[in-house]
1. Give the residue, chosen from GLU68, GLU44, that is away from ligand 1 (no atom under 16 Å from the Cβ), free of Cβ contacts under 8 Å to residues at least 24 places away in the same chain and open to solvent by 50 Å² or more (accessible area, probe 1.4 Å).
2. Restricting to the stretch 204-262, what's the tally of residues that are closer than 16 Å to SER285 by Cα, within 19 Å of the chain's Cα centre (by Cα) and of a type in the set (Gly, Ala, Ser)?
3. Restricting attention to the stretch 34-68, which residues are part of a helix (DSSP H, G or I) and of a type in the set (D, E, K, R)?
4. Pairs, please: C-beta under 7 Å, at least 6 apart or cross-chain, first residue within 12 Å of ILE164 (Cα to Cα) and of a type outside the set (Val, Ile, Thr) and in the stretch 92-115, second open to solvent by less than 10 Å² (accessible area, probe 1.4 Å) and away from ligand 2 (no atom under 16 Å from the Cβ)?
5. For the stretch 210-225, state whether one or more residues are open to solvent by 30 Å² or more (accessible area, probe 1.4 Å) and in contact with a His (Cβ under 7 Å, 6 or more places away or on another chain).
6. What pairs come up if the first residue lies in the stretch 219-236 and is aromatic (Phe, Trp, Tyr) and in a strand (DSSP E or B), the second is crowded, with 18+ Cβ neighbours inside 10 Å and modelled with pLDDT of 90 or more, and their beta carbons are under 8 Å apart, counting only those six or more places apart or on different chains?
Amino acid sequence: MRYLTVVLLSLMTFFSTAQKKFDHKMKLMGSSFTITVVAENQQEADKHIKVAVEEIKRIENLISSWKETSETSRINKNAGIKPIRVSKELFSLIERCQTISRITNGAFDISFASIDHIWNFDGSMKTMPDSSVVEQSVRNINYRNILLDKKKRTVFLKHEGMKIGFGAIGKGYAADKAKSRLQKTGSRAGIINASGDLTTWGRQPSGKKWTVGITNPLNKNRVFSWFPVDDRAVVTSGDYEQFVELNGTKYSHIIDPRTGYPAHGLASVTVFAPKAELADALATSIFVMGADAGINMVDQIKHVDCVIVDKNGNILKSKNIQLNTINNEEN
Ligand code: ADP
Ligand code: MG
């Protein structure tokens, strides 16, 4: 009897603290987000999910260039007119974007958006844009003409026609911020997954590390490698969700700031980094830089790794990555 009581008691303790995984999928920032949290019950999970959703919406309102009222829109509307004072948060995000532009030699450039009225990646474009129009607009892409005044905390786009956009870094930034809000409000483990751009914290309910499968964009049903991700971010760029096909060539929605045309040498770039923001920005950059220059850069940055699939299906990787080709069933 005593033995039975002990067993029952331990079972009760086990069930009352048993952790489960809860997923919540929804559209945010124009993309599909899946928020996964480990919690004791649905009620606790809902509490965490609400915090994450609020944080992501807050960031969208701050950085979106589509929202008329955002700080970003005010900067864009005043291009060539006057500097705009912004929040500390947006100012430091733009400062970090500028650092990434310098590291990547301008492959990453938030002023790419100066040309976004020319390209349309929803499938509606049928012909190449006029080259003279591209040439005209590409002149407006230059991160050096995004003038930051740290003391006044203002941002000024030097020329009329310039525009900035955070499409290449915003989802990563939002994922990081949602993660850190959740950790502060007591969430033990989870994943913020913004259409494949993801960051994790803690472990699965089983105690195992979270794992991420990398698929070959040329053969979407096949995962070619699984990676454990422990408190890390994994971001993939150019997975062909948005592209335009012109004269038999597929162009991604990533613009080469040097030419004003979409970059088209690689099929996908996956970057692993401590922060999703950095991983997001670098994945986009490498897409423009190409495999050799991209891998060379990644090999010089601590705690950052990458896996690239080129147009011929070749898999290339930075020096610290071990590919463990496992078949699909294992995970
Ligand atoms: P996804 O949104 O599919 O994850 P990316 O993170 O690579 O893809 O971001 C692509 C987006 O980044 C484009 O839709 C555009 O908004 C923006 N962008 C395109 N080219 C550049 C560039 N050279 N530098 C910075 N941002 C870019
Ligand atoms: Mg990106």
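1. Residue meeting the stated conditions: GLU68.
2. Residues that pass the stated criteria total 3.
3. Within the stretch 34-68, GLU44, ASP46, LYS47, LYS50, GLU54, GLU55, LYS57, ARG58, GLU60 meet the criteria.
4. GLN98/ILE146; SER111/ILE146; SER111/MET162; SER114/MET162
5. No, that holds for no residue.
6. What qualifies is TRP226/VAL212; PHE227/VAL212; PHE227/VAL234; PHE227/PHE272.
So that you can scan it fast, the table gives a plain yes or no per residue for (1) near ligand 1 (Cβ under 10 Å from one of its atoms); (2) open to solvent by 20 Å² or more (accessible area, probe 1.4 Å); (3) at pLDDT 90 or above:
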residue: ASP239; (1), (2), (3): yes, yes, no
residue: GLY248; (1), (2), (3): no, yes, no
residue: PRO257; (1), (2), (3): yes, no, yes
residue: THR270; (1), (2), (3): no, no, yes
residue: ILE286; (1), (2), (3): yes, no, yes
residue: LYS319; (1), (2), (3): no, yes, yes
residue: LEU323; (1), (2), (3): no, yes, no
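The values are calculated or read from the model by the stated rules, or taken from the named source; none is laboratory data. For clarity, every value in this text was computed on a predicted model and none was experimentally measured. Cβ sites come from the backbone with ideal geometry, for glycine too, and all protein chains shown count toward neighbours. Note: areas computed on protein heavy atoms with side chains; ligands, DNA, RNA excluded. Shrake-Rupley method; radii C 1.70, N 1.55, O 1.52, S 1.80 Å.
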